[in-house]
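Chemist: Take a look at this one; I'll ask things after.
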Amino acid sequence: MTDKELFKSLSYERKNVYENITEEEKREMNALCDEYRAFLDAGKTERECVETALKAAQDAGYKNLDETDTLKAGDKVYKINRAKNILLAVIGKDDIRNGINLVGAHIDSPRLDLKQNPLYESTGMALLKTHYYGGIKKYQWTAMPLALHGVVFTKDGDKVTLNIGEKDSEPVFCITDLLPHLAKDQMSKSLAEGIEGENLNVLIGGMPVGDDEVKEKVKFAALKLINDRYGITERDFLSAEIEIVPAFKARNVGLDESFIGAYGQDDRVCAFTTLKGILAVDNPNKTAVALLVDKEEIGSMGNTGMLSAFFEMTVAEIAEKLIGSCTMSDFNKIISNSACMSSDVGAAVDPNYESVSEKNNAAFAGCGMVLVKYTGARGKSGSSDASAEFVYRIGKILDDDGVIWQTSELGKVDQGGGGTIAQYVANLNIDVIDCGVPVLSMHSPFEVTAKSDVYMAYRSYVAFYKS
Ligand code: MN
Ligand code: MN
């Protein structure tokens, strides 16, 4: 063996996916990514993602767990929690007390939520007040087309679903920004302060109507339009959830179309690949579970976030319908023997900002699925830190299936950091590893992923579910 060969056998180097997959795999990747872009366009809110996932599950023969009395190996079921959170399961051949294989991802994304009483008139224009959701860079949300998605429950109890600004025939909305000519004061502020949260007001109209008795004629016009078209009054906004999101569609990026650019890829890229992963599984050995949660971007709180008891209660319900009853002892066995891939996006090294990464331990776009042993910040604080045993186990599953993967941590030590749902799954006493797809421009209105990484994430989940 030459020294060159010996060095290669002794050292570790990440691989570029495109250099290591077949033409057939490339075709499968492109077909998957065409479907992924359509998934992104169809689901720009957590509720819309649940509906998309539900339809895909029903088309694949999944039954509603609520309407199922008994379960047996091979059965496929789903359960929805409050329209914002969905769990899919394929019952395995093995005793469920030996554990389940869980993949968890989140379907909420950073955005602007309308305030409860949003509508006002100023300088002859009608606007909507917002409160941003999740960690956004506020300056990225001005001066671009925005769409309005959500639900309103009227005083009379009707549910009105809104989706305005996605079709070419529909108008869009926007948040105006200051012209550079008059931005001397604004430009001297920091990026964090240049655009203030209370200035993220959405322009929705400017044509006054009404007689001189009406003081706010533009607001009146907006209220009339909203009432004519959707049957909503200003009071009804109090019981609504309306999200302002980018109005553009997911696109291929690059002359070679190797990337996808779109809003909401954090974490719908993992949600989509998890969904496609479980749909590809029949008669697994271990019960396969896909869990798509809400509220990750604001700390996983609430009854639709990972901290909700929905997951545990649904596992107990599945066990009860499968083995007749689920005692505390049964439940403890199921949970303690389970394994989880906590799937969320990671930071890809950005060629414009290389200095925030430590490149031996950073994810590169196009180099495959990312396994993240630990997250956290400032001394791994807030991380669940997967065990060496578990990293080995997952790495072997991926290697045996020919999945190309890499490892990473989020940025240089002391540069920042973050965490996701893994820690809450780990707290239940489940073996869990953070993993997912590297993303550029994370949390921006136009996040970028490499198609090859999307494909390898999908392959990872299929391999995990089949293990
Ligand atoms: Mn995320
Ligand atoms: Mn995020």
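Chemist: Please work out if ASN252 is away from ligand 1 (no atom under 16 Å from the Cβ) and touching a Cys at 6+ places or on another chain (Cβ under 9 Å).
Modeler: Against the criterion (away from ligand 1 (no atom under 16 Å from the Cβ) and touching a Cys at 6+ places or on another chain (Cβ under 9 Å)), ASN252 qualifies.
Chemist: Evaluate the stretch 258-267: report whether one residue or more is within 16 Å of ligand 2 (Cβ to nearest atom), among the small types (Gly, Ala, Ser), open to solvent by less than 50 Å² (accessible area, probe 1.4 Å) and outside any loop (DSSP other than H, G, I, E, B).
Modeler: Taking every residue of the stretch 258-267 in turn, at least one turns out to be within 16 Å of ligand 2 (Cβ to nearest atom), among the small types (Gly, Ala, Ser), open to solvent by less than 50 Å² (accessible area, probe 1.4 Å) and outside any loop (DSSP other than H, G, I, E, B).
Chemist: Determine which single condition LYS359 fails, assuming it passes every other condition in (1) within 25 Å of SER300 (Cβ to Cβ); (2) more than 15 Å from ligand 2 (Cβ to nearest atom).
Modeler: The single condition LYS359 does not satisfy is (1).
Chemist: Here's something else I'd like to know. Got a sec? Which of ALA386, ALA426, ALA422 is among the aliphatic types (A, V, I, L, M) and within 15 Å of ligand 1 (Cβ to nearest atom)?
Modeler: ALA422
Chemist: Name the one entry in ASP414, ASP385 that is open to solvent by 20 Å² or more (accessible area, probe 1.4 Å), free of Cβ contacts under 8 Å to residues at least 40 places away in the same chain, among the acidic types (Asp, Glu) and touching a Phe, Trp or Tyr at 6+ places or on another chain (Cβ under 8 Å).
Modeler: On inspection, the qualifying residue turns out to be ASP385.
Chemist: Going through GLY104, GLY74, GLY92 one at a time, which residue ends up being within 16 Å of ligand 2 (Cβ to nearest atom) and either farther than 30 Å from ASN201 by Cβ or buried (at least 22 other Cβ atoms within 10 Å of the Cβ) (or both)?
Modeler: Result: GLY104 is the single residue among GLY104, GLY74, GLY92 that is within 16 Å of ligand 2 (Cβ to nearest atom) and either farther than 30 Å from ASN201 by Cβ or buried (at least 22 other Cβ atoms within 10 Å of the Cβ) (or both).
Chemist: Please work out which residue is farthest from ligand 2 (Cβ to nearest atom), limiting yourself to the stretch 303-339 and to residues that are touching a Phe, Trp or Tyr at 6+ places or on another chain (Cβ under 8 Å) and closer than 17 Å to VAL90 by Cα.
Modeler: Within the stretch 303-339, the match that is farthest from ligand 2 (Cβ to nearest atom) is ALA319.
Chemist: Restricting to the stretch 303-339, count the residues that are aliphatic (A, V, I, L, M) and either open to solvent by 40 Å² or more (accessible area, probe 1.4 Å) or not assigned by TED's automatic domain parsing to the domain that holds VAL370 (or both).
Modeler: Selection size over the stretch 303-339: 6.
Chemist: In the list LEU112, LEU87, which residue meets the criterion of being within 16 Å of ligand 2 (Cβ to nearest atom) and either assigned to a strand (DSSP E or B) or open to solvent by 10 Å² or more (accessible area, probe 1.4 Å) (or both)?
Modeler: Just a single option satisfies the conditions, and that option is LEU112.
Table: residues versus (1) surrounded by 12 or more Cβ atoms within 10 Å (Cβ to Cβ); (2) of a type in the set (A, V, I, L, M); (3) more than 26 Å from the chain's Cα centre (by Cα); (4) assigned to a strand (DSSP E or B).
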site: ASP177; (1), (2), (3), (4): yes, no, yes, no
site: HIS181; (1), (2), (3), (4): no, no, yes, no
site: LYS189; (1), (2), (3), (4): yes, no, yes, no
site: VAL209; (1), (2), (3), (4): yes, yes, yes, no
site: ASP212; (1), (2), (3), (4): no, no, yes, no
site: VAL218; (1), (2), (3), (4): yes, yes, yes, no
site: ALA221; (1), (2), (3), (4): yes, yes, yes, no
site: ARG235; (1), (2), (3), (4): no, no, yes, no
site: GLU243; (1), (2), (3), (4): yes, no, no, yes
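Chemist: Can you tell me how many residues within the stretch 285-302 are more than 12 Å from ligand 2 (Cβ to nearest atom), open to solvent by 10 Å² or more (accessible area, probe 1.4 Å), in contact (Cβ under 8 Å) with a residue 60 or more places away in the chain and farther than 16 Å from MET341 by Cα?
Modeler: 1
Chemist: Still on this structure, I have one more. Within the group SER342, SER408, which residue is within 16 Å of ligand 2 (Cβ to nearest atom), under 17 Å from the mean Cα position of the chain (by Cα) and open to solvent by less than 50 Å² (accessible area, probe 1.4 Å)?
Modeler: Matching residue, one of SER342, SER408: SER342.
Chemist: Next question. What is the residue count in the stretch 56-89 for residues that are in contact with an Asp or Glu (Cβ under 7 Å, 6 or more places away or on another chain) and closer than 25 Å to CYS435 by Cβ?
Modeler: Final tally of qualifying residues: 3.
Chemist: Turning to a different aspect of this structure: Output yes when any residue across the stretch 364-373 is open to solvent by 30 Å² or more (accessible area, probe 1.4 Å) and either within 16 Å of ligand 1 (Cβ to nearest atom) or not in a loop (DSSP other than H, G, I, E, B) (or both), and no when none is.
Modeler: no
Chemist: Within the stretch 141-200, how many residues turn out to be over 26 Å from SER441 (Cβ atoms), small (Gly, Ala, Ser) and at pLDDT 95 or above?
Modeler: Number of matching residues: 1.
Chemist: Take the stretch 57-84 and flag every residue that is assigned to a strand (DSSP E or B) and in contact (Cβ under 8 Å) with a residue 24 or more places away in the chain.
Modeler: Answer for the stretch 57-84, where residues must be assigned to a strand (DSSP E or B) and in contact (Cβ under 8 Å) with a residue 24 or more places away in the chain: VAL77, TYR78, LYS79, ILE80, ASN81.
Chemist: Looking at GLY92, GLY104, GLY135 in this structure, which one is farther than 30 Å from LEU225 by Cβ, within 16 Å of ligand 1 (Cβ to nearest atom) and assigned to a loop (DSSP other than H, G, I, E, B)?
Modeler: GLY135
The values are calculated or read from the model by the stated rules, or taken from the named source; none is laboratory data. Note that the coordinates shown come from a computational prediction; the quantities given were computed from them, not determined experimentally. Glycine also receives a Cβ, built like all others from the backbone with ideal geometry; neighbour counts cover every protein chain displayed. SASA here: full protein model, heavy atoms, side chains in, ligands and nucleic acids out. Shrake-Rupley method; radii C 1.70, N 1.55, O 1.52, S 1.80 Å.
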